[in-house]
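Notes for the one structure printed next.
We did not get these values from a lab; they are worked out from the coordinates using the rules stated. Predicted model, so just to flag it, every value in this text is computed and none were measured. Cβ placement follows ideal geometry from the backbone for every residue including glycine, while neighbour counts extend to all protein chains displayed.
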Amino acid sequence: MKGGRLTVTTRDDLARRVWAVTGGLGAALAAGCALLGTPADALGAVVGSLLAGANFGALAWAADRASAASTPATIARRVMWVGASGLRLALVAVAIGVAVRHLGAGVPGLALSLAVSPVAVIWAGLAGAPRA
């Protein structure tokens, strides 16, 4: 509560903050890999950050669909969206394989950058949390 007003964070606000933090952390990681590592590691960091952001976006989209109002028709859709999460993870795995095998993305930069999205979720969530 600030100045007598309650600040409410919506899912869209949180998603925007997560994407912004993911982009910033990914760019910083890519710059660090370029300075301290190899160009392949920097490419891996860029590709991994893009994959992490896309994966989060797909997850947020599916969560919106799965949390819709509960009617018999939406319950069946909810099961479908949860099942689609398995396909989402399979697509991320294929994209990682393509990035390493065909683009020459470095595995260390790629692996580090995939951890950027969970860090961004925590950071963005804490930034929107009320302070005591």
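A few comments on the model shown:
- Neighbours by Cβ (under 6 Å, 6+ apart or cross-chain): first from the range 110-129, within 17 Å of GLY57 (Cβ to Cβ); second charged (D, E, K, R) and surrounded by fewer than 19 Cβ atoms within 10 Å (Cβ to Cβ): ALA124/ARG17
- Residue list for the range 7-19, filter: without any contact (Cβ under 8 Å) to a residue 12 or more places away in the chain and either in contact with a strand residue (DSSP E or B) (Cβ under 8 Å, 6 or more places away or on another chain) or closer than 19 Å to ALA115 by Cβ (or both): none
- Residue that is of a type in the set (Val, Ile, Thr) and either touching a strand residue (DSSP E or B) at 6+ places or on another chain (Cβ under 9 Å) or touching a residue at least 24 places away in the same chain (Cβ under 8 Å) (or both), where the choices are THR38, THR74: THR38
- For the range 82-129, the candidate set comprises residues that are of a type in the set (A, V, I, L, M) and in a loop (DSSP other than H, G, I, E, B); within that set, the residue that is farthest from the chain's Cα centre (by Cα) is LEU103.
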